[in-house]
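Taking it in order: structure first as structure tokens, then the write-up.
The values are calculated or read from the model by the stated rules, or taken from the named source; none is laboratory data. Being a predicted model, the structure only gives us computed values, none of them experimental. Here the Cβ positions follow ideal geometry from the backbone for every residue, glycine too, while neighbour counts run over all protein chains shown. What goes into the accessible areas is simple: the full protein's heavy atoms, side chains included, and nothing from ligands, DNA or RNA. Shrake-Rupley method; radii C 1.70, N 1.55, O 1.52, S 1.80 Å.
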Amino acid sequence: MSSSASATASRPRRSAARIALRVGLAAVFALAILGVVVWRALTASLPLVDGTRRLPGLSAPVTVERDGAGVATIGGLSRLDVARATGFVHAQERYFQMDLTRRFAAGELAELVGEEGLRIDRVLRRHRFRAVAAEALRRTSPEEQRLLEAYAAGVNEGLDALGAVPVEYLLLRTDPAPWRTEDSFLVLAFMYIGLQRGAMWREPMLGLMRERLPAALAGFIEPGPDEWEAPVAGTPPDPPPLPTAEQVNVRDGWPDVPIPSRGTAGFCHPGAMHGSNSWAIAPQHTARGTALLANDTHLSIQVPNAWYRVVLTWPDTSAPGGRRRLAGVSLPGVPAVVVGSNGRVAWGFTNAGIDATDYVLLEPGDGGPASYRTPAGTATLAVHEERIRCKGRPDEVLKVEETIWGPAFDRDEHGRRRALAWVAQLPEAMNLALTGMERAASVAEALEVGARAGIPAQNLVVADADGHIGWTVAGAIPNRIGFDGAVPASWADGSRRWEGLLPPEARPRIIDPPGGRIWTANNQVVYGASPDVYSAAAVDASARARQIRDALLALPKATERDLLRVQMDERALFLERWRTLLLETLSKPNARGSAARDEYRRLVASTWTGRASDSVAYTLVQCWRRVLAEQVFGVLTAPARAAMPSFDWIRPVDPALPLPPFPTRIEGPLWRLVSKRPRHLLSARFESWDEQLLAAVDRAIEELTSEGARLEELRWGTIDSRIRHPLSAGLGVLARWFDMEEMPVRGGADMPLQRVESVMPSERFVVSPGHEQDGIFHMPGGQSGHPLSRHYRDGHAAWVNGDATPLLPGKTEHTLTLTPWGR
């Protein structure tokens, strides 16, 4: 081919290449432009941290100073101004979290997330919490109403001040709805749901068990004290005796009801509730000679964390130095410091094991199927039509039938209708009385505030700057008359009833105990008090409390760092005797001949560290104990399970909501059974208790390896340790931007460093009132709810590692001034 022909042929190729290059450059440029647009849309919803911004309603300017961790110090000239500014800051940092919280409680999720929220909405609308919140707002004091109104106005101004809606609304392709004043009480309702609703299923199960089992067996199985008890005051009663063969023999004519396998749920702990720890130490036992308080509240952990760190400050002539200063954590959606210190008093909470619900058997009235008997005569069920809005589909109308005691809830195994009485459904159980902690100057004053607080019942532990320490049960407690509320009962004749809430003067309290130490870990703190506010079925097992008590007693002169070390205590003391029993069982001749059992024994013997971290043995021991408990109690409760297929005495779960279970205390009867080994309480499938123990090993192996895992891979602390954002499951590869990075998370049940499934410490803090500069604080995640903020996850590593990071903010890096005028 000639050179001219070759040149002619090459021109189209060069032209095509130039076109391809131009198209490629244009595509790159378009993608860059798109990236800039997307980036700006995402970052536009980051909070304002510098400059000046108008906030209508303020009486004077308010400053919001943030340190290098994003911790906000909000300072104003009045409490109302600080509340308004707190609402502004909460909305800027956490509005989507606040929105989810109120919608979950109100049964309004489907309006935001679509059909996926309908199941939850249908369940929770039956409690009519929005109506309860509105009535609670109407009843609250004028001072509290003004605080809530200022906060709500600040929330809406903060939301409007964002350059774009929070990222989650972009993903959901919807706009946020404004905050309403009563929504703060819906946030309280959310806490009631999380802390109490999961426990209410035990009552009908206990009633069925008492009905279907021999009395001696039911009494033996029911939750009660065991050898781990560690009350601060009083003496626990003796446990019930083992049933005799004459009273019950499960080997003769006992129903044989299959026990379902949990599969990968084998990682969970039986008999351990999700809980919290708190304790106080008097000055004679501390290095500084001042009282110390420690608290770590345990909740189901998501991203962002439940709490928002804050320091609130305003002039107050009655405060030290003439200025009120609160340091601690707030709950986005509520204008209060929930846990913290005011310079004179420091306080913390653990969930109290009270019985907050009762199932009321409805006796049919003579006015038709909708009538029922009451002490005042026949009444008719009230019917409320609840409209459920759902994104992408037509509205639903749910008819809620309601009695004078609460919603008509379900039917028992005999077909009898039952209503649900629950303190959370009472408007008087919600208020902002907890803000009285801001002004409390002594332990006695703080305990009085707690007794009047409209919150879920809590063990309140307090220390003050004068060296006093104290405890009481704070929050809403039903005042029962004529019965203990353990099992469902009729209230028709008025002999059984609630007379409002338990008054403050009727609550037990401790101030300055002789030992100089108070500890709570969701256990029963006192025995012998009248009235006994605790429910044996609702308090947690006491091994965790005992380990805390013993650790505190071993500290002659405690410091803040000493107490942090107690909070991080991961020693598996409770499981030691179970490991010993397991090794003894696997070492007997009848255990030989199975390669899987031999491997189980080798790993239990060689990888045990005595701690709930990086240990295969810990996983294997706790899983075997769980399976053994399910098999043993599955047999003993078979008559009840035959009547109610969903009966689960070990881990009663909410059948309608995705809430963590509230497991039953089982250690006392279980250990006595495997120690005494009564043949008449052994399943007829086995000839000896050794066979039963080995059968539990075989089932544990089956469950732990059911998805292809090898036993040596199951190191505790690395199993399902990712902390997730509520939307991340549907985000695919983008989920890693929303979730915390996967890190080994230590801890387990029955130890101070508790971890039960997704429930872990939501914060840890240690403080001496008046010495906040030496206090310690950390929490999972970070301050911000925005995944592109540098404060979205910057505190997470300190929480995982247990670093002694400071309670008070550091040097100010950003200052935002909110003013009542200008922009």
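Key figures
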read-out	value
Relative contact order, percent, the chain [alpha-carbon distance under 8 Å, six or more residues apart]	21 percent
Calculated P(r) of region 26-183 - Cα pairs past 22 Å, %	53 percent
Estimated FRET transfer efficiency when R0 is 30 angstrom, pair SER758-ASP614 (beta carbons, to 0.05)	0.95
Per principal axis, descending, Cα span of region 99-158 in whole Å	39, 27, 11
List GLU144, GLU742, ordered by accessible area with a 1.4 Å probe, largest first	GLU742, GLU144
Residues in region 395-419 that a label on PHE483 would reach, taking backbone N under 14 Å of a point 7 Å out along Cα→Cβ	405-406, 412, 417-419
Spherically averaged projected area of the chain from its Cα convex hull (nm²)	45.8 nm²
Segment VAL383-ARG715, extension gain: residue separation times 0.36 nm, minus the distance between their alpha carbons	114.2 nm
Point-to-point label distance, ALA177-ASN590, nm (Cα→Cβ direction, 7 Å offset)	6.2 nm
Net lengthening on full extension, ALA131/LYS391 (0.36 nm per residue, minus Cα-Cα)	91.4 nm
Pairs of alpha carbons in region 273-347 whose separation is greater than 18 Å (percent)	54 percent
Spin-label model distance (nm) - ARG685 vs ASP532, 7 Å beyond Cα toward Cβ	3.5 nm
Amide H contacts of HIS298 (H built 1.01 Å from N, under 5 Å, at least 5 apart or other chain)	SER276, ASN277, SER762
Cα coordinate range in region 544-646, projected on the principal axes (Å, largest first)	53, 39, 20
Model label zone, THR244; criterion: amide N under 13 Å from point 7 Å along Cα-to-beta-carbon; scope region 181-223	216
Relative contact order %, region 380-538, counting alpha carbon pairs below 8 Å whose residues are six or more apart	14 percent
Compactness relative to 2.2 N^0.38 Å, alpha carbon Rg of region 155-209	1.83
Cα centroid of region 508-552 to Cα centroid of region 740-810, whole Å	25 Å
Value of relative contact order over region 459-511, rounded to a whole percent, pairs C-alpha under 8 Å and six or more apart	40 percent
Bridge type composition, the chain - antiparallel percent by DSSP, nearest 5	85 percent
Sequence-distant residues sharing a close amide H with ARG53 (under 5 Å, placed H)	THR817, LEU818, THR819
Positive-pole candidate from LEU434, SER530, THR819, dipole of the chain, charges at beta carbon	THR819
Kirkwood Rh and Cα Rg combined as Rg over Rh, evaluated for region 775-823	1.11
Environment charge at TRP307 (Cβ cut-off 14 Å; Lys +1, Arg +1, Asp -1, Glu -1)	0
Stretch gain in nm, segment SER646-SER495, where the contour uses 0.36 nm per residue and the Cα spacing is subtracted	51.2 nm
